[in-house]
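The values are calculated or read from the model by the stated rules, or taken from the named source; none is laboratory data. Quantities reported herein were computed from a predicted structural model and do not represent experimental measurements. Cβ: placed from backbone, ideal geometry, glycine included. Neighbour counts: every protein chain shown. To get the accessible areas, we keep the full protein, side chains included, count just its heavy atoms, and leave off ligands, DNA and RNA. Shrake-Rupley method; radii C 1.70, N 1.55, O 1.52, S 1.80 Å.
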Amino acid sequence: MSGKGLDGSMQGGAPRTVAIAGGGIPGLSLALALRQAHGDALDVTVFDPGLDRAALRHRGRAFAVAAGGRRMLTRLGIWADVAHAAEPILDMAISDSRLADPVRPVFLTFGQDGTGETPPVGEPFAHMVEAEFLVDGLLAASRAVGVAFEPVGIRQAQANGRIIALGLADGRETEATLLVAADGARSRLREAAGIGWVGRSYPQMGIVATIGHERPHGGRAFEHFLPSGPFAILPLVDGGVLGHRSSIVWTERDADVEALIGGSREETLHEIERRFGLNLGRLVIEDGPSAHPLSLGMARSFRGERLALLGDAAHVIHPIAGQGLNLGLADAASLAEEITEALRLGLDPGAKDVLQRYERSRRFDTFAMAAATDGLNRLFSNDILPVRLMRDLGLGLVDRMPGLKSLFIGEASASRGASPRLMRGEAL
């Protein structure tokens, strides 16, 4: 980094540096985008004590990368490197039933078979990608364009005029023009900056696992709404012991999780089979399951003095719509755009007005998605008969209205609205 070096010495010239705390997918995407746009004119360093195990800590997880995210990753040049691990979602079916119901009627479908449009026509509205391949691809591409990596955390940060001074966990000191906190939902940098957090924990946990099955999924995703929460079956690329694989994202009540997945492998598989069904033949557990607490939250501000919040440090939402990663990618695209505009005008990329524009560009979109996912979870995670009847009627009506279905798909795929340039596949 320029400015004050990691050895404490001053290097000549006004600092044009961005420090990113956190080596997750949004932070790495921002680092890559900035270096590709500005090259050696901008120093970018990623600080993360877990860099040497970045891909390993994502093992067993898969993300639904919406069309906007795919266009961004294509523009960044890494989609070709992860395409072998990306399975297009061509069709989605939604059912609403109780666990013991012998039949699960499908109330709503999205797809390319005449039941709904996928904008742009012919483009899948999402791809399922295993997280470790995304991380590996971003790391390799970032290193190739000169992003610096420091396997150490940032212990403290103090804005001082045109720079922000950083104290590292190993005792060294450095400084930057802008610090980006991409250090997760429990962001220490957000807390240290005094930025408040509004949210609550759900009485649910999210269980993820990779499931092998005998029959091909055909690119179809299922979302079974059950009284305890949604059970999603998401297609992965073929492979594994049975030839075909899917990822499950299983929402369950906190109190029931240990009984459901804490027993033997056979007992856990039995519980998965009850929810998964046998349409895809015999099942095996290939990876997982692992359980994660679920919560809803948003930072009171997405910025501080020479500080920007990114991804989970700014917001967390329920996984019911699979949009958490896509919100983080949109954050990275928007912040990269604002920084780039400032630099090309010869302005300070860490200035208050630059960060205000970033916050304005992201806050409404984030709030809308948080409210939508929270509302869906409240609506579907119950077994009250009148509510079930009304929601099933609503799903059936949407299924018969192609224009409304196209609107929903467009929102989910980032095909509508004033999305950042990278999310439209355009250069910064």
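Key figures for this structure:
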| quantity | calculated |
| --- | --- |
| The stretch 273-287 residues that are under 16 Å from Leu236 (Cα atoms), paired with ones that are in a helix (DSSP H, G or I) and of a type in the set (A, V, I, L, M) (beta carbon under 9 Å, 6 or more apart) | Leu283/Leu269; Leu283/Ile272; Val284/Leu269; Ile285/Leu269; Ile285/Ile272 |
| Contacts under 7 angstrom Cβ, first residue in the stretch 138-151 being under 11 Å from Gly23 (Cα atoms), partner modelled with pLDDT under 95 and open to solvent by 40 Å² or more (accessible area, probe 1.4 Å), 6 or more apart | Pro151/Pro49; Pro151/Asp52 |
| Matching entry among Glu252, Glu266 (being outside any helix (DSSP H, G or I) and among the charged types (D, E, K, R)) | Glu252 |
| Residue match in the stretch 262-285 (condition: among the hydrophobic types (A, V, I, L, M, F, W, C), farther than 15 Å from His213 by Cα and open to solvent by less than 60 Å² (accessible area, probe 1.4 Å)) | no |
| Leading residue by the ranking (surrounded by the fewest Cβ atoms within 10 Å (Cβ to Cβ)) among those in the stretch 189-217 that are assigned to a helix (DSSP H, G or I) and touching a residue at least 12 places away in the same chain (Cβ under 8 Å) | Ala192 |
| The stretch 340-367, subset among the aliphatic types (A, V, I, L, M) and surrounded by 12 or more Cβ atoms within 10 Å (Cβ to Cβ), residue nearest to Asp40 (Cα to Cα) | Leu343 |
| Selected residue (criterion: nearest to Leu134 (Cα to Cα)) from residues of the stretch 82-101 that are in contact (Cβ under 8 Å) with a residue 24 or more places away in the chain and within 19 Å of the chain's Cα centre (by Cα) | Val82 |
| Test: residue in the stretch 269-292 that is within 27 Å of Ala66 (Cβ to Cβ), at pLDDT below 95 and of a type in the set (Ser, Thr, Tyr) | yes |
| Subset of the stretch 306-319 (residues that are modelled with pLDDT under 95 and open to solvent by less than 10 Å² (accessible area, probe 1.4 Å)) | His318 |
| The one condition in (1) open to solvent by 10 Å² or more (accessible area, probe 1.4 Å); (2) under 24 Å from Thr373 (Cβ atoms) that Asn160 fails to fulfil | (2) |
| Answer residue from the stretch 59-100, given it is more than 23 Å from Glu426 (Cβ to Cβ) and assigned to a loop (DSSP other than H, G, I, E, B) and is least open to solvent (accessible area, probe 1.4 Å) among those | Ser97 |
